[in-house]
Amino acid sequence: MTGSQPGTPFGVARPTSSASGPPLVEVDSLSVSIQVDGSARSILRNVSLTIGRGEALALVGESGSGKSMTAKAIDRLLPAGARQTGSISFDGQDVAKMTGAALRSYRADVAMIFQDPRVAINPVRSIGDFMTEVLRTNTRVRSRVAADRAVKMLARVGIADGQRRLEQYPHELSGGLLQRVMIASSLLTEPRLLLADEPTTALDVSTQAEVIEILNDLRRELGLAVLFITHDLELARTFCDRTAVMYAGEIVEVGDSSAVQEAPLHPYSAGLAAARPRVDRRLARLEAIPGRPLSAVEAPDDACSFAPRCVHRVNECDEGHPELRPLGLGMVRCIRAGGTALTEKDVNHEAHR
Amino acid sequence: MKLTDDLALEVSGLRKTYGSVVAVDDVSFAIRRGGSLGLVGESGSGKTTIAKIILGLESAAAGQVRACGRDRTAAARTLGERRRRAREVQIVFQDPHSSLDPRQTIGSMLEAVVRLHHRDLIAGERRQRVMDLLDMVGLHERHTAALPREMSGGQRQRAAIARALAAEPEVIVLDESVAALDVSIQAQVLNLLADLRERLSVTYLLISHDLAVVRQLTDTAVVMCQGQLVESGTTAQVLDDPQHIYTQRLRASVPGPTWVRRVSATPSILDEGGAS
Amino acid sequence: MAFLAKRAAILVATILVASFVIFAAMYMAPGKPIGALTGGRSVSPQALEALEQRYRLNEPFLSQYGHWLSNAIRGDLGVSIATKQDVSELIVERAGITLSLVLYAAVLIVVIGIGLGLLAGLRPGWVDTSVVVASSAAAAVPAFLSAIVLTLIFAVTLSWLPALGAGEGVVDRFVHLTLPAISLALSSIAVVARVTRTSIREESRKEHVQTAVSRGLPRRAVIIRHVLRNAAIPITTVTGITIASLIAVSAVVESAFSLNGLGQYLIVSSSSKDLAVVQGISLVLVLAFVLLNVVVDLAYAVLDPRVRLGAKAT
C-alpha cells in the first residue's frame, strides 16, 4: 500500500461507481436569498453540482462562501423565509416537492453531521435516546431492537462499550467520542447520502484523523455518497474524489481533488492552496490573498467576484460575470484560466512582476 | 551580564492542580529576547493554563515565572507593579469577538491603553501614537471610529494585536490567535506577526494546536501532553524528527500526503469491490 | 446523592440565617414591646419586672434568640401579647386561607401563564403579538392596583363575584377566592408567559433542534421532545420562584379583600407590636419560601442531567 497513484490518493470510489446510472444528487442553478430587514439578500448564486452514487464531493470555501447553505438547501433546512430558485433532485425525485412522510423518509436517506457535536446533540437527553429516537419514532422499531442496533453501530465507529455509552449523557463524553456517536446515529437509518459540515473542525488534531478514518471506512463499506464541507483543501484531497471550490455564494472551480490542489484552474483555488502555511517547511513569506472574502450579497452580478483580490486581473474581468465553463478535466469560472494551470509558482511570478 | 538577562520569558518547574487533577506538571521552558516559541498541545494538555499563569490570571501551585529577569509568580500587589507587568507580557486571544469591548470604538480602546502606559503624552501625541499603532497592524485611520462588530474577523484580530502592542510589551502571548481566521486572512495575519517581530524585536509565545502555524511563526517549540512537557527543541527538529510518540502521532495527524497513506493503510472490507 | 446532601445542608443554613435575621430585626425595631404589654398604662415596677421576666425581655440578645429558636423547633412560637393565645394555634387557624389563596394563584399561573407562553412561542403572528402586548401591560400592574380594578369591575359593577371575605365550604371558598387569586397571580402570569415564550423561541433556534429536524423526525416530536423538553428547564425555574414570591405579595391581597390569612395578620400584628406573632408568621413564611425554592432546585436537577450528574466527566 505504498505510493498511492496520483489523482486517486485513496483509491476509493473510482469513477466507475459514479458512472453507473444517473447521479444520486443533482443541484441545478440553485440560487437562494433570505429576507433581511425587508430586502432580499443573496446567499447562493447559480450553484450547480452533482454527486454520484458512492462518490465523495468536497465543498471548499471560506466563511460566508455558501458551502454550509448548499448542504442545508439539499437537506431542506433553509431558514424560514428563504427564497429558492433552481432545482435539487435526489435519485430523480424533486426535493422541493416533497412533503410530510416523503420529506421525512428523504431526510432519513440523507444524513447530516455537524461541526460541533456539543451543540448539535440535545444535552439533556441520553446518548441512547438520541441514537434510537428516529428508529423508534419513524419506523416503529422496538426500543430493545433499536438499542441493539445502536450498540452495533457504535462498535463500527470504534466505541466498544456501547451499552454503557447509551446510558450516558453528552456532557460525559469527549468531543471526539461525541462526534463518533453523531456519525453512528446518522448511519442508523441506512442513508445513501451523508452531508458532513466541517465534521472535524471542532476536534483535536489527532482525533480529527481518527474521525476521518472512520468516515472513510464506513463510506466504502456502506457505499455512501458524501458531500464533505471543509475550509481545508488538503483535507478535501485526503477524503474526496472531486472538489468544488466556492467563493461569494457560487462555485468557481470543480475538478478532481488532487488536480484542484496541485494544478488549480481558478486564481482563488490557487491562492487558497498557497496561503496555507506548511508543516514541512517554513516559508519566507506566505502568499496571502489580499483583501477579505466577499459574501454573496456584496458580490457583483456584472463582474468577476474575485477580481478585486486577484493578481491575474485584467480589464475584461470587470466587464462581465464569468460563466462556469469546462476546461481540461474540470470546470472553472474565470476568463483568464486556460492553457497552463495557475500553479503556486505562477501566482508568485505574476504577483512580483 | 548574566545569562538570564538575555531571556524574555522563563518558566521553571511550573505546577498547577485543580482538586486532584494535575493540569500542569513540572513544566520548564525559556524564550530568549526577540525569540519565538511554540507551545503545542491539544485540549486538556495544560497549555492554556500556562498562559493564564504567565498572565497572572491564575496562580501556580509551585514553580516560577520570570519575565525580563523579574519574578512575576506572586500576584501583583500595587497598581504600578501591575502596569509594569503589563509592559512585560501582553496577550492576543483566539476570538477577538469576545475579547474586545463591543461598545468601545477601536480608537478609544487603543487610546486608553496608551494613556495608561504613557501618562506624560499630551492628547495630540496620544492620537498620533494610536494612528501609528493602527498603521503598524495594517488598519486604516477610519477604523478609529469603528466598533468591533463593524469590522471583519481579520480586522478585529488586527485591532487586538494593536491593543497588545500599545503597551509596548517585551513578550506577546498568542493564544490560538489565528485559529479562528479564514485561510486567506490567516496568511495575512501570520505575515503581519512575522513582520512585527522583525521590526519591534518583540518575543512571541505562540500557543497552538496547528503545527503548520507553529512552523511558520516560531524558532523553538515545546510539546505538551496531559500537563507534561514531552518534547522540546528547535521547531524544525520537533516537527521533522519528532522523538516522543505523542509528537509523532500529532505530526502524523496533519492532513497531507503522508497522512493520506496512513489513513488508507487501514484496509477496508470492500477495498477491492468498490462501492455498490 | 451528594447533590441532595448539599441541598439539605444549604436548606438548614438558610433557615438558620433567616430565623436570626427575623429575630434580630424585631429586636432592633423601634418601640418597646413592653409598651404593647402594658397598653400604655402606668404599672408598678414589680409588675413590670414580672412581665419582663415572663417574656425574657431583660436577658441578653443571644440568649433570647436561643430560647426562641429552641422553642420554635419544638413547635412553640410563644404567646401573643395581644390575645394571650398560642402563636402556633393562631398561625394554624389562618394558614389554610393563605395556602388556598397561593395554591389557587399558582394553578392560574401554571395553566394560563405557561399556556399563553406556549401559544405565543409556537404560533408566531397575531397570537404572539397579542400575548406579548397583553403580558407587557399586565406585568406592570402591582397586586394592590389589580385588586382595586378587579373589585370595581367584577364585584361592584357586574356583581359576578364577591369582593370580601373567604366564604364557607369548598365551593363558596373557591368563589370568594377567585378575585383575590386573580389579582395575586396577574403580573406573575404575565412574567411566566413571557419567559415561556422566550425560552421556546431560544430553544427552537438551537442547533440540536435543527439536528432533530434534519433526521426526519415529525414536527410534533421535535417540539415536544426537543424544544419543550429543554425549554422546561428555565420555565420550571422561573415559575417556581415566581410562585414562591407570591407568599410575600399575598399579604397585600389578603388585606385588600379582607381575608383572614397569615399575611393580613402579619400586618395587623406588626402595627400592634405583637412581637411573638410577627416573628412566628415571618418564620413560617420564610420556611415556606425556602422549601419552595428547594423544590425548584430538585426539579431543575431532575430536568437537567448536567446538574444531576455533576459538571464534567470524560
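The values are calculated or read from the model by the stated rules, or taken from the named source; none is laboratory data. Bear in mind that the values here come from a model prediction, so they are computed numbers and not experimental data. Counting neighbours? That spans all protein chains shown, and the Cβs are built from the backbone with ideal geometry, glycine included.
Can you tell me which residue in the stretch B:193-217 is farthest from B:Leu139 (Cα to Cα), limited to those that are at the interface with another protein chain (Cβ under 9 Å from one of its Cβ atoms) and assigned to a loop (DSSP other than H, G, I, E, B)?
Per the criteria, the residue is B:His209.
Of (1) surrounded by fewer than 23 Cβ atoms within 10 Å (Cβ to Cβ); (2) touching a residue at least 40 places away in the same chain (Cβ under 8 Å); (3) within 18 Å of the chain's Cα centre (by Cα), B:Ala194 satisfies all except one. Which?
Of everything listed in (1) surrounded by fewer than 23 Cβ atoms within 10 Å (Cβ to Cβ); (2) touching a residue at least 40 places away in the same chain (Cβ under 8 Å); (3) within 18 Å of the chain's Cα centre (by Cα), B:Ala194 misses just condition (2).
Within the stretch B:45-100, track down each residue that is exposed (fewer than 14 other Cβ atoms within 10 Å of the Cβ) and within 24 Å of B:Ala179 (Cβ to Cβ).
B:Leu57, B:Ser98
Please enumerate the residues belonging to the stretch C:228-252 that are within 12 Å of another protein chain (Cβ to nearest Cβ) and either in contact with a strand residue (DSSP E or B) (Cβ under 9 Å, 6 or more places away or on another chain) or over 14 Å from C:Val195 (Cα atoms) (or both).
C:Arg229
Could you check B:Gly38 against (1) surrounded by 19 or more Cβ atoms within 10 Å (Cβ to Cβ); (2) assigned to a loop (DSSP other than H, G, I, E, B); (3) within 14 Å of chain A (Cβ to nearest Cβ) and say which number it fails?
With (1) surrounded by 19 or more Cβ atoms within 10 Å (Cβ to Cβ); (2) assigned to a loop (DSSP other than H, G, I, E, B); (3) within 14 Å of chain A (Cβ to nearest Cβ) applied to B:Gly38, the lone miss is (2).
Of all residues in the stretch A:293-318, which are in contact with an Asp or Glu (Cβ under 9 Å, 6 or more places away or on another chain), surrounded by fewer than 18 Cβ atoms within 10 Å (Cβ to Cβ) and assigned to a loop (DSSP other than H, G, I, E, B)?
Matches in the stretch A:293-318: A:Pro300, A:Asp302, A:Ala303.
Can you tell me how many residues within the stretch B:102-124 are out of contact with any Asp or Glu (no Cβ under 9 Å at 6 or more places or on another chain), under 24 Å from B:Arg85 (Cβ atoms) and either among the basic types (Lys, Arg) or at pLDDT below 90 (or both)?
Counting residues in the stretch B:102-124 that are out of contact with any Asp or Glu (no Cβ under 9 Å at 6 or more places or on another chain), under 24 Å from B:Arg85 (Cβ atoms) and either among the basic types (Lys, Arg) or at pLDDT below 90 (or both) gives 5.
In the stretch C:227-267, which residue that is in contact with a Lys or Arg (Cβ under 8 Å, 6 or more places away or on another chain) and farther than 22 Å from C:Val87 by Cα is surrounded by the most Cβ atoms within 10 Å (Cβ to Cβ)?
In this case the residue turns out to be C:Asn230.
Can you find a residue in the stretch A:121-137 that is in contact with a helix residue (DSSP H, G or I) (Cβ under 8 Å, 6 or more places away or on another chain) and more than 13 Å from chain C (Cβ to nearest Cβ)? Let's see the steps before the verdict.
Going through the stretch A:121-137, the residues in contact with a helix residue (DSSP H, G or I) (Cβ under 8 Å, 6 or more places away or on another chain) turn out to be A:121-128, A:130-137.
If we keep only those that are more than 13 Å from chain C (Cβ to nearest Cβ) as well, we get none.
Scanning the stretch A:121-137 turns up no residue that is in contact with a helix residue (DSSP H, G or I) (Cβ under 8 Å, 6 or more places away or on another chain) and more than 13 Å from chain C (Cβ to nearest Cβ).
If you check C:Leu275, C:Leu262, which single one turns out to be under 22 Å from C:Phe23 (Cα atoms) and under 13 Å from the mean Cα position of the chain (by Cα)? Before the answer, list the steps.
Values: C:Leu275 fails: under 13 Å from the mean Cα position of the chain (by Cα).
Residue meeting the stated conditions: C:Leu262.
Looking at B:Asp120, B:Asp175, which is the one that is among the charged types (D, E, K, R) and in contact (Cβ under 8 Å) with a residue 60 or more places away in the chain?
Working: B:Asp120 fails: in contact (Cβ under 8 Å) with a residue 60 or more places away in the chain.
Testing whether each residue is among the charged types (D, E, K, R) and in contact (Cβ under 8 Å) with a residue 60 or more places away in the chain leaves just B:Asp175.
Which one is surrounded by the most Cβ atoms within 10 Å (Cβ to Cβ) among residues in the stretch A:165-175 that are in a helix (DSSP H, G or I) and either within 11 Å of chain C (Cβ to nearest Cβ) or touching a Lys or Arg at 6+ places or on another chain (Cβ under 7 Å) (or both)? Walk me through it before giving the result.
Residues of the stretch A:165-175 that are in a helix (DSSP H, G or I), as a first pass: A:165-166, A:170-172, A:175.
If we keep only those that are either within 11 Å of chain C (Cβ to nearest Cβ) or touching a Lys or Arg at 6+ places or on another chain (Cβ under 7 Å) (or both) too, we end up with A:170-172, A:175.
Numbers: A:Pro170: 24, A:His171: 18, A:Glu172: 19, A:Gly175: 16.
My answer is A:Pro170.
Please go through (1) under 25 Å from B:Lys16 (Cα atoms); (2) of a type outside the set (Lys, Arg); (3) under 24 Å from the mean Cα position of the chain (by Cα) for B:Thr78 and return the number of the only condition it doesn't satisfy.
With respect to (1) under 25 Å from B:Lys16 (Cα atoms); (2) of a type outside the set (Lys, Arg); (3) under 24 Å from the mean Cα position of the chain (by Cα), B:Thr78 is out only on (3).
So A:Asp109 fits all but one of (1) crowded, with 16+ Cβ neighbours inside 10 Å; (2) under 27 Å from A:Gln35 (Cα atoms); what number is the exception?
Every condition holds for A:Asp109 apart from (2).
Taking B:Glu141 and the conditions (1) free of Cβ contacts under 8 Å to residues at least 40 places away in the same chain; (2) within 13 Å of chain A (Cβ to nearest Cβ); (3) surrounded by fewer than 18 Cβ atoms within 10 Å (Cβ to Cβ), which numbered condition does it fall short on, given that it satisfies the others?
Unmet for B:Glu141, out of (1) free of Cβ contacts under 8 Å to residues at least 40 places away in the same chain; (2) within 13 Å of chain A (Cβ to nearest Cβ); (3) surrounded by fewer than 18 Cβ atoms within 10 Å (Cβ to Cβ): (2).
Among the residues of the stretch C:213-227, which ones are under 18 Å from A:Met98 (Cα atoms) and facing chain A (nearest Cβ under 8 Å)?
Hits for the stretch C:213-227 are C:Val213, C:Ser214, C:Arg215, C:Gly216, C:Leu217, C:Pro218.
Condition first: modelled with pLDDT of 80 or more, surrounded by fewer than 16 Cβ atoms within 10 Å (Cβ to Cβ) and closer than 23 Å to C:Asn260 by Cβ. Can you find one or more residues in the stretch C:79-89 that meet it?
yes
Between a first residue in the stretch A:210-237 that is of a type in the set (S, T, N, Q) and a second residue that is part of a helix (DSSP H, G or I), which pairs have beta carbons less than 8 Å apart while being 6 or more apart in sequence or on different chains?
A:Asn216/A:Phe239; A:Asn216/B:Val263; A:Asn216/B:Ser264; A:Thr230/A:Ala236
What's the number of the only condition in (1) crowded, with 23+ Cβ neighbours inside 10 Å; (2) in contact with a strand residue (DSSP E or B) (Cβ under 8 Å, 6 or more places away or on another chain) that A:Ala259 fails to meet?
(1)
Out of the stretch B:236-256, which residues are of a type outside the set (A, V, I, L, M, F, W, C) and part of a helix (DSSP H, G or I)? Walk me through how you get there before you give the answer.
Step one: filter the stretch B:236-256 for residues of a type outside the set (A, V, I, L, M, F, W, C), giving B:237, B:240-244, B:246-249, B:251, B:253, B:255-256.
Hits for the stretch B:236-256 are B:Gln237, B:Asp240, B:Tyr246, B:Thr247, B:Gln248, B:Arg249, B:Arg251.
So that you can scan it fast, the table gives a plain yes or no per residue for (1) more than 23 Å from C:Leu266 (Cα to Cα); (2) at pLDDT 80 or above:
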| site | (1), (2) |
| --- | --- |
| C:Pro30 | no, no |
| C:Asn58 | yes, no |
| C:Gly96 | no, yes |
| C:Leu119 | yes, yes |
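Given B:Val27, B:Val65, which one is closer than 21 Å to B:Ala167 by Cα and in a strand (DSSP E or B)? Give the steps one after another, and end with the answer.
Values: B:Val27 fails: closer than 21 Å to B:Ala167 by Cα.
Sole residue among the options that is closer than 21 Å to B:Ala167 by Cα and in a strand (DSSP E or B): B:Val65.
Select from the stretch A:83-102 the residues that are surrounded by fewer than 16 Cβ atoms within 10 Å (Cβ to Cβ) and hydrophobic (A, V, I, L, M, F, W, C) and write down the one among them that is farthest from the other protein chains (Cβ to nearest Cβ).
Here the residue is A:Ala96.
Please indicate, with yes or no, whether at least one residue in the stretch A:60-71 is under 14 Å from the mean Cα position of the chain (by Cα) and under 30 Å from A:Glu167 (Cβ atoms).
Filtering the stretch A:60-71 for residues under 14 Å from the mean Cα position of the chain (by Cα) gives A:60-71.
Among the residues that remain, those that are also under 30 Å from A:Glu167 (Cβ atoms) are: none.
No, that holds for no residue.
So which of A:Ala71, A:Ala80 is buried (at least 18 other Cβ atoms within 10 Å of the Cβ), out of contact with any Phe, Trp or Tyr (no Cβ under 7 Å at 6 or more places or on another chain) and either free of Cβ contacts under 8 Å to residues at least 12 places away in the same chain or among the aliphatic types (A, V, I, L, M) (or both)? Before the answer, list the steps.
Details: A:Ala80 fails: buried (at least 18 other Cβ atoms within 10 Å of the Cβ).
Only one candidate passes the filter, namely A:Ala71.
Given the criterion touching a residue at least 24 places away in the same chain (Cβ under 8 Å) and more than 14 Å from every other protein chain (Cβ to nearest Cβ), identify the matching residue among C:Leu298, C:Leu303. Write out each step before concluding.
Numbers: C:Leu303 fails: more than 14 Å from every other protein chain (Cβ to nearest Cβ).
Matching residue, one of C:Leu298, C:Leu303: C:Leu298.
Answer yes or no: is there a residue in the stretch B:12-31 that is without any contact (Cβ under 8 Å) to a residue 40 or more places away in the chain, crowded, with 20+ Cβ neighbours inside 10 Å and over 18 Å from B:Ala221 (Cβ atoms).
The first filter runs over the stretch B:12-31 and keeps only residues without any contact (Cβ under 8 Å) to a residue 40 or more places away in the chain, leaving B:18-21, B:30.
Going one step further and asking which of them are crowded, with 20+ Cβ neighbours inside 10 Å, we end up with none.
No, that holds for no residue.
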